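Asks: Structure incoming, see below.
Nothing in this text is a laboratory measurement; each read-out follows from the coordinates by a stated rule. Since the model is a prediction, treat every value here as computed from it, not as a measurement. Counting neighbours? That spans all protein chains shown, and the Cβs are built from the backbone with ideal geometry, glycine included.
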Amino acid sequence: MIETVASWLQHSTSTVILTGAGMSTESGIPDFRSKAGWWKSVDPRTVATVESLAGNYALFREFYQLRIEALEQAKPHKGHEILASWEQRGLVALVATQNVDGLHQLAGNKDVAELHGNIVTIRCAKCRKPHSKSHFMENAVCTYCMHHLRPNVVLFGEALPQEAWNRTFNTVQSADVVLVIGTSLEVYPVNQLPKMAKGKLVYINLEVGTHTQGFDAMIQGTAGAVLVQLDAFLSR
Ligand code: NAD
């Protein structure tokens with residue numbers, strides 16, 4: 001299967017990479033569906049919401065402060081580096097990610113559609129003026145309107161950034177190959193994107209179970225290991 005997918009990639013004139021939290025677990029950042037609740041036994045999906053920002057800011061802030069802190073130790077892994085090298089070699093038209101950690105850019109990818117924003121940059125929750133990360137980490141308020149600060153992340157209940165979404169949607173539709181890596185495909189609307197693909201559709205994930213209808217190939221394994229194997233064929 002690796003060889004077949006590698007040959008699709010070799011002959012593709014437009015390849016889209018769509019990544020999720022599983023792309024970053026090998027960099028030490030947990031996904032949201034790991035077996036045990038990793039933070040105060042609270043499901044992160046109940047904190048990363050507009051309701052929590054408006055109604056429980058202390059918990060909301062603590063959650064993101066911990067995530068930002070954890071990110072400071074995290075480095076891109078071999079899989080991220082391979083995707084960056086594919087972009088440099090002209091093998092990738094677009095990396096679109098649900099991840100908010102900025103690891104694709106840190107690995108060297110220049111063209112990344114951040115479908116869920118990022119936690120690397122901060123803005124005022126009201127007037128939207130940008131602020132430094134250290135402001136947020138020090139529990140400061142907006143220096144213009146004294147309102148709460150927040151990361152530029154898309155919370156559950158918010159719309160996706162229009163430009164990133166439109167570009168991804170269009171590029172997926174016209175792609176020869178779409179590689180979907182490390183996502184459970186449970187989060188709407190990103191989970192609709194694979195259905196828009198007209199080219200070859202490939203799913204690379206630790207678990208290959210539900211949500212994989214319509215895929216042409218499924219490769220079970222870690223993102224890092226599978227990308228290393230694909231890269232070995234592409235570099236021959
Ligand atoms: P998810 O947690 O729902 O699913 C992750 C999937 O990746 C699972 O199916 C899991 O089996 C698989 N996986 C885990 N480790 C893997 C590995 N090493 N190689 C291959 N597959 C692996 O994540 P999602 O589908 O991206 O949706 C969760 C939401 O949470 C998204 O909105 C995302 O923005 C956010 N999130 C982001 C990060 C991040 O930025 N790193 C981390 C956690 C959650």
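Asks: With springs only between Cα atoms under 10 Å, which of 31, 216, 101 fluctuates most in a Gaussian network model of the chain?
Replies: Evaluated over the chain, the most mobile residue of the options is 216.
Asks: FRET efficiency for residue 236 and residue 158, Cβ-Cβ distance as r, R0 = 41 Å, nearest 0.05?
Replies: It comes to 0.40.
Asks: Can you tell me the length gained on complete extension of the stretch residue 211 to residue 78, counting 0.36 nm per residue apart and subtracting the Cα distance?
Replies: Additional length available on full extension: 45.2 nm.
Asks: Using alpha-carbon pairs under 8 Å, 6+ residues apart, how would you state the relative contact order of segment 24-176 in percent?
Replies: 20
Asks: Can you list residues from other chains, or at least 5 along the same chain, whose modelled amide H is less than 5 Å from the amide H of residue 218?
Replies: The answer is 203.
Asks: May I ask you to compute the full-extension gain from residue 50 to residue 170, defined as 0.36 nm times their residue separation minus their alpha-carbon distance, rounded to one decimal in nm?
Replies: Stretched out fully, the residue 50 to residue 170 stretch lengthens by 40.4 nm.
Asks: For the chain, what is the number of Lys pairs with C-alpha distance below 25 angstrom, counting only pairs 8 or more positions apart or on separate chains?
Replies: Step by step, the pairs that qualify in the chain add up to 11.
Asks: I would also like to ask the following. Name the long-range amide H neighbours of residue 123: under 5 Å, sequence gap of 5 or more, or other chain; modelled H, no Pro or chain starts.
Replies: 131, 150, 152
Asks: Next question. Could you work out which residue, out of 164, 140, 113, moves most in a Gaussian network model of the chain, that is, has the largest mean-square fluctuation with Cα springs under 10 Å?
Replies: Result: 140 has the largest fluctuation of those listed.
Asks: Of all DSSP beta bridges located in the chain, what percent are antiparallel, nearest 5?
Replies: Approximately 20 percent, going by the DSSP bridge assignments.
Asks: Considering only C-alpha atoms, what is the centroid distance from segment 106-123 to segment 163-185, in Å?
Replies: That distance is 16 Å.
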